[in-house]
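Here the structure is laid out as structure tokens; the discussion comes afterwards.
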Amino acid sequence: MNGNRLRSPFPAGQPFRIEVYNDRGTRMHGETTQAVETRVSTSAMPTGLYHVRLRRGNNTVNYNLSVQH
């Protein structure tokens, strides 16, 4: 499985939302997890730059994700 590991900035055991968007703002992936570290599958995503948003309540953390195959 192709994938990128994401590490949560939020406390362990507390659920948060992961959303991945392409450069046009289309959501390519979304899930809710409690894991401190999770792997997001990128095998179905075309090569390019993506925007990752981690949300828990009113707290949001944004990352850029580069996918290369």
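Restricting attention to the stretch 23-48, the residues that are in contact with a Phe, Trp or Tyr (Cβ under 9 Å, 6 or more places away or on another chain), crowded, with 16+ Cβ neighbours inside 10 Å and in a loop (DSSP other than H, G, I, E, B) total 1. Annotation note: Cβ proximity below 9 Å between a residue of the stretch 51-68 that is small (Gly, Ala, Ser) and a residue that is crowded, with 16+ Cβ neighbours inside 10 Å (sequence gap 6+ or interchain) occurs for Gly57/Phe16; Ser66/Asn4; Ser66/Tyr50.
Of all residue pairs spaced 6 or more apart or on separate chains, those with beta-carbon atoms under 8 Å, a first member in the stretch 3-24 that is closer than 16 Å to Leu65 by Cα and touching a residue at least 24 places away in the same chain (Cβ under 8 Å) and a second member that is of a type outside the set (Lys, Arg) and loosely packed, with under 10 Cβ neighbours inside 10 Å are Gly3/Ser43. Quick check on the stretch 50-60. Is at least one of its residues touching a strand residue (DSSP E or B) at 6+ places or on another chain (Cβ under 6 Å) and either exposed (fewer than 11 other Cβ atoms within 10 Å of the Cβ) or not in a strand (DSSP E or B) (or both)? No, the stretch 50-60 contains no residue that is touching a strand residue (DSSP E or B) at 6+ places or on another chain (Cβ under 6 Å) and either exposed (fewer than 11 other Cβ atoms within 10 Å of the Cβ) or not in a strand (DSSP E or B) (or both).
No lab work stands behind these numbers, since they all come straight from the coordinates. All of these numbers come straight from a predicted model, not from anything done at the bench. Positions of Cβ are generated from backbone atoms using ideal geometry, with glycine treated the same way; all protein chains shown enter the neighbour counts.
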